[in-house]
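K.L.:
If you scroll down you'll find the structure; I have some questions about it.
Every read-out reported here was derived from the displayed coordinates using simple, explicitly stated rules and does not represent laboratory data. What you see is a predicted model; the values in this text were computed from it and never measured. Here the Cβ is made from the backbone with ideal geometry for all residues, glycine too, and neighbour counts use every protein chain on show.
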Amino acid sequence: MLDTFEHTDFHAAALATAKRGTVSVVIPTRNTAGTIAHTVAELSLLAAVGLVDQILVVDADSADGTAATATDAGAEVVSENDLIPSAGPVRGKGDAMWRSLVAATGEVVVFVDGDIADFGRHYVTGLLGPIVTDPGKQFVKGCYARPFRQHGSEQPVGGGRVTELTAKPLLAATVPELAGFAQPLAGEVAAGRELLASIPFHTGYGVEIAMLVEVWDRVGLDGMAQVDLGTKRNAHQSLAALNGMAGEVIAGLAETLGRLGRPDLGRIKPAPGTEREVLVRPPAAGRADPFPARPEATGERPDV
């Protein structure tokens, strides 16, 4: 059975005292200038008490000044295009997450989205809590209510349409062991860096669901947990955009299940003309040359 916690179960000062290694918080960003300063400010409070050792913004060369805003707020900022340039063009969020492992220095890596309007430091204390307090927990995923905002009004639920209409039904049908995860597509994740470096990363929107299955295959449900983080408010996508996202989620799950010997969705193919080019980046660990970043971009590269 999946262990589920509340973010209020954990407190920053106690976690800082109990933690056994360094922590990097990684924020992949694209045009999030309106929210990133607040996010970095909240994380800086955790750095001040010794819980967070690195605040790393991996920016997609945003046109709205995200990188400068994050730098002014106190984050370490790198361009996703300066990380692992020999891997070719960056192909979306999953690719940025994969590349970030050459710049993240922490033994534990926490991923959070950069466009959360109601982000609070409790996101990170919640995600780190099970890992710090239970050596058996290696992977923690956030969950939350997703209010739906439209035409100036807000409903308490209704956001996360791809999650509810695609990801959760497919997981329940193909990997029922993971059906307890309320937000399988959540971008809020904490895990040991070694574990993250051992799995492949999908470059597109399928990264989150593929990661969930990959980690479950390695550590089992006992090594995983989820934490209720309250609410998450971010921008809603159009139905056309959600259609493409759903297709990438299906493709990511199908590829992962097929590679792990559970080809439940292996026969599903996108309709002609709707395919998106998505790559699967190999595990970062165990490579003689893990595509080093340019030294001027990230300084001395940590081993991965």
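K.L.:
Among all residue pairs at least 6 apart or on different chains, which show Cβ distances below 7 Å where the first residue, located in the range 18-45, is without any contact (Cβ under 8 Å) to a residue 12 or more places away in the chain and the second is surrounded by fewer than 21 Cβ atoms within 10 Å (Cβ to Cβ) and of a type in the set (Val, Ile, Thr)?
P.N.:
none
K.L.:
In the list 25, 102, which residue meets the criterion of being touching a strand residue (DSSP E or B) at 6+ places or on another chain (Cβ under 6 Å), surrounded by 15 or more Cβ atoms within 10 Å (Cβ to Cβ) and of a type in the set (A, V, I, L, M, F, W, C)? Please lay out each step first, then the result.
P.N.:
Numbers: 102 fails: touching a strand residue (DSSP E or B) at 6+ places or on another chain (Cβ under 6 Å).
Among 25, 102, only 25 is touching a strand residue (DSSP E or B) at 6+ places or on another chain (Cβ under 6 Å), surrounded by 15 or more Cβ atoms within 10 Å (Cβ to Cβ) and of a type in the set (A, V, I, L, M, F, W, C).
K.L.:
Residue check: is residue 137 within 13 Å of the chain's Cα centre (by Cα) and either surrounded by fewer than 24 Cβ atoms within 10 Å (Cβ to Cβ) or not hydroxyl-bearing (Ser, Thr, Tyr) (or both)? Lay out the reasoning, then the answer.
P.N.:
Working: within 13 Å of the chain's Cα centre (by Cα): no; either surrounded by fewer than 24 Cβ atoms within 10 Å (Cβ to Cβ) or not hydroxyl-bearing (Ser, Thr, Tyr) (or both): yes.
Considered against the rule, which asks whether it is within 13 Å of the chain's Cα centre (by Cα) and either surrounded by fewer than 24 Cβ atoms within 10 Å (Cβ to Cβ) or not hydroxyl-bearing (Ser, Thr, Tyr) (or both), residue 137 comes out as no.
K.L.:
Do we have residue 31 as farther than 20 Å from residue 199 by Cβ, in a loop (DSSP other than H, G, I, E, B) and not hydrophobic (A, V, I, L, M, F, W, C) here?
P.N.:
Against the criterion (farther than 20 Å from residue 199 by Cβ, in a loop (DSSP other than H, G, I, E, B) and not hydrophobic (A, V, I, L, M, F, W, C)), residue 31 qualifies.
K.L.:
Checking residue 65 against (1) over 19 Å from residue 111 (Cα atoms); (2) out of contact with any helix residue (DSSP H, G or I) (no Cβ under 8 Å at 6 or more places or on another chain): exactly one of these is not met. Which one?
P.N.:
All conditions pass for residue 65, except number (2).
K.L.:
Mind listing whichever residues of the range 80-136 are part of a loop (DSSP other than H, G, I, E, B), among the small types (Gly, Ala, Ser) and within 28 Å of residue 248 (Cα to Cα)?
P.N.:
Narrowing the range 80-136 to residues part of a loop (DSSP other than H, G, I, E, B): 83-84, 88-92, 101-107, 112-121, 134-136.
Those left that are additionally among the small types (Gly, Ala, Ser): 88, 92, 103-104, 106, 114, 117, 120, 136.
Those that are part of a loop (DSSP other than H, G, I, E, B), among the small types (Gly, Ala, Ser) and within 28 Å of residue 248 (Cα to Cα): 88, 92, 103, 104, 114, 117.
K.L.:
Same structure, new question: Residue 50 fails exactly one of the following numbered conditions: (1) within 21 Å of residue 128 (Cβ to Cβ); (2) crowded, with 19+ Cβ neighbours inside 10 Å. What is the number of that condition?
P.N.:
(2)
K.L.:
While we're here: Please go through the range 53-97 and pick out each residue that is in contact with a Phe, Trp or Tyr (Cβ under 7 Å, 6 or more places away or on another chain), of a type in the set (A, V, I, L, M, F, W, C) and over 14 Å from residue 28 (Cα atoms).
P.N.:
Correct list: 84, 87.
K.L.:
Of everything in the range 160-194, what is farther than 19 Å from residue 28 by Cα, in contact with a strand residue (DSSP E or B) (Cβ under 8 Å, 6 or more places away or on another chain) and hydrophobic (A, V, I, L, M, F, W, C)? Give them in sequence order.
P.N.:
Listed by number, the residues that qualify are 181, 182.
K.L.:
Can you say whether residue 40 is of a type in the set (Val, Ile, Thr) and assigned to a strand (DSSP E or B), as far as the supplied structure shows? Break it down into steps so the answer makes sense when it comes.
P.N.:
On the way: of a type in the set (Val, Ile, Thr): yes; assigned to a strand (DSSP E or B): no.
No, not satisfied.
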